[in-house]
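Down below is the structure, laid out as structure tokens.
Bear in mind that the values in this text are calculations on the coordinates, not laboratory data. Being a predicted model, the structure only gives us computed values, none of them experimental. Using ideal geometry, Cβ is built from the backbone for each residue, glycine included, and neighbour counts are taken over all protein chains shown.
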Amino acid sequence: MAVLAIAAAIAIPPADTQSALGAEAAAGEIARAVRFAQREAVRTGTYQSIVIDTASQMLRVYQPASSGNGTTATHPIDKRDYLVNFANDSLPQATIVSSVFRYQSGAVTNGAIFGPDGVPVDIAPTKLLGLPIGFLLGTKEISPLKEEARITLRYGSVERVVRVAPVTGRVSL
């Protein structure tokens, strides 16, 4: 009898396997977007930003500007604007539960700006343009992450957290 119970447990996967796979896929999508923003900042020597909006369920990678919405980055694979709508476009359709980036200045945002060195920071938008990078890096105009940033998402009954480390910007699931 015990052998049958063990065999049944192995042969029948848990009911939440699909939810776990969906959550992993959605977390992977967010992690890739954060890494892309960071690498694009280093590659181009410009500030690149990512914002994760829980209200609209949208993720956007873009080059910030001192006024306006900035320029949306081009997705490296499909060559479209780097926008992901988790409510409609993405597969699987996960829910972004929260996106919390806490900075040493006390600011709490739903995204990060990566500097040319790849470090996640918060910068007042009016300070982004017109100042040399060296000037910004040596002032209090930027604020690094205070602690690990956390982007939480849910697919079915399974939650996953994407983490962004302070100082290095290392992304982990």
### Task
Would you mind ranking Y47, Y82 so that the residue whose beta carbon has the fewest other beta carbons within 10 Å leads the list?
Y82, Y47
### Residue exposure sequence - L21, L59 - by fewest surrounding Cβ within 10 Å
L21, L59
### Task
Fewest Cβ neighbours within 10 Å first, please rank T54, T44 accordingly.
T44, T54
### Summary
With the dipole of segment 15-172 defined by +1 on each Lys or Arg Cβ and -1 on each Asp or Glu Cβ, the option from Y103, A27, V162 whose Cα lies farthest towards the positive pole is Y103
### Task
Compute the FRET efficiency between D78 and L173 as 1/(1 + (r/R0)^6), taking r as their Cβ-Cβ distance and R0 = 30 Å, and round to the nearest 0.05.
0.85
### Query
Charges only on Cβ, +1 for Lys and Arg, -1 for Asp and Glu: so what's the dipole of segment 15-172 about the Cα centre, in debye to the nearest 20?
280 debye
### Message
Would segment 24-112 count as rounded, prolate or oblate if I go by the C-alpha gyration tensor, calling it rounded below 1.5 in a/c and otherwise prolate when a/b exceeds b/c, oblate otherwise?
### Response
oblate
### Query
Between R163 and V100, what length in nm is gained on full extension when 0.36 nm per residue of separation is reduced by their alpha carbon distance?
21.7 nm
